Amino acid sequence: MPLPVFQPLAVKRRPAPFDHPDYLFEIKWDGFRTLARVENGGCRLMSRNGNEFKSFSTLNEAVAAHFKDHAVILDAEIVSLGDDGKSQFYDLLFHRGEPRLCGFDLLWCDGENLCYAPLVERKHKLRALLAGSGERLFYCDYIEQHGELLFKMVCERDLEGIVAKPKYDPYFAKHTSWFKIRNPHYSQWAGREELFEHERKADPDLQGWAVCTEACDTEVLSWIAAKLSKSAAWKTPRVTPVPN
């Protein structure tokens, strides 16, 4: 049976964190969102728009090797991590770091459509599948209820933000209530939005930074990298050390 086609759920913005007993809260990893489609011993990393990332061949091989004979679809983020375990977006963009896959949802597994299952059940199955996955593939964990506490810790450690998700919801666009809450002082945003705001005004077809955060294809990534490297607004961001 060929793998079905899914559309990644949209993530809305909220200006401030919140606590809620029916929500899960995850770290927002700074990278490229992807649907990882694994079948017949191979892996394809697909963008939000259905284009394939073609510059992560070693990551494809690592993901395919982990799942072996399984047929799965993961909602995930392609990231590059520093020695401190934090996302390093520019290392990913300029291919200076080793790409990894952070899996945060499981949509399909060996012929079973899991989109009808509650999020907590999907996360439980995903955790089991990713056990012993090594360094290239890892599970995005969560805490329940305490979004404000997680957001405080994220800001103290100079991470991008958090994502809030109803823990009993299925994976349907009509039911989506996923929210991202950004760290307003995140150091790696410096220069990015100014650059893409300028380019959006110059080219109405460019959807600004959403092109990247919604997982663009290889040609777009190369274009963005070239623009950033020439931009006077861009400079290597200062990374704040993780507090002891």
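The C-beta contact set for segment 103-125 (first residue farther than 24 Å from GLU135 by Cα, second residue surrounded by 20 or more Cβ atoms within 10 Å (Cβ to Cβ) and hydrophobic (A, V, I, L, M, F, W, C), distance under 6 angstrom, 6+ apart or interchain) comprises LEU114/LEU106; LEU114/LEU107; CYS115/LEU107.
Restricting LEU137, LEU126 to residues that are aliphatic (A, V, I, L, M) and in contact with a helix residue (DSSP H, G or I) (Cβ under 7 Å, 6 or more places away or on another chain) narrows the list to LEU137.
Scanning segment 87-119 for residues that are part of a loop (DSSP other than H, G, I, E, B) and either among the basic types (Lys, Arg) or over 18 Å from the mean Cα position of the chain (by Cα) (or both) yields ARG96, ASP110, GLY111, LEU114, CYS115, TYR116, ALA117, PRO118. May I ask you to say which residue of GLU135, GLU148 is of a type outside the set (Phe, Trp, Tyr) and either assigned to a loop (DSSP other than H, G, I, E, B) or touching a Lys or Arg at 6+ places or on another chain (Cβ under 7 Å) (or both)? The match here is GLU135.
Pairs linking a residue in segment 1-12 that is surrounded by fewer than 10 Cβ atoms within 10 Å (Cβ to Cβ) to a residue that is modelled with pLDDT of 95 or more, with Cβ atoms under 7 Å and 6 or more positions apart or on different chains, are MET1/GLY111. Inspection of segment 14-26 identifies no residue that is out of contact with any Pro (no Cβ under 8 Å at 6 or more places or on another chain) and hydroxyl-bearing (Ser, Thr, Tyr). The number of residues in segment 59-86 being under 15 Å from the mean Cα position of the chain (by Cα), over 28 Å from PRO170 (Cα atoms) and not small (Gly, Ala, Ser) comes to 3. When residues of segment 67-86 are filtered for being outside any loop (DSSP other than H, G, I, E, B) and without any contact (Cβ under 8 Å) to a residue 12 or more places away in the chain, how many remain? Final tally of qualifying residues: 0.
Note on segment 23-56: residues that are at pLDDT 95 or above and of a type in the set (Ser, Thr, Tyr) total 2.
Can you list the strands (runs of 3 or more DSSP E) found entirely within segment 8-66 that contain at least 3 residues being aliphatic (A, V, I, L, M)?
32-39
Restricting LEU107, LEU114, LEU93 to those that are surrounded by 15 or more Cβ atoms within 10 Å (Cβ to Cβ) and within 13 Å of VAL38 (Cα to Cα) reduces the list to LEU107. Within segment 130-154, being over 18 Å from the mean Cα position of the chain (by Cα) and either surrounded by fewer than 18 Cβ atoms within 10 Å (Cβ to Cβ) or at pLDDT below 95 (or both) holds for ALA131, GLY132, GLY134, GLU144, GLN145, HIS146, GLU148, LEU149, LYS152, MET153. If you scan segment 51-76, which residues turn out to be β-branched (Val, Ile, Thr) and surrounded by fewer than 20 Cβ atoms within 10 Å (Cβ to Cβ)? Matches in segment 51-76: THR58 only.
The values are calculated or read from the model by the stated rules, or taken from the named source; none is laboratory data. Nothing here was measured: the structure is a model prediction, and the numbers come from that model. Glycine gets a Cβ as well: all are built from the backbone with ideal geometry, and neighbour counts include every protein chain shown.
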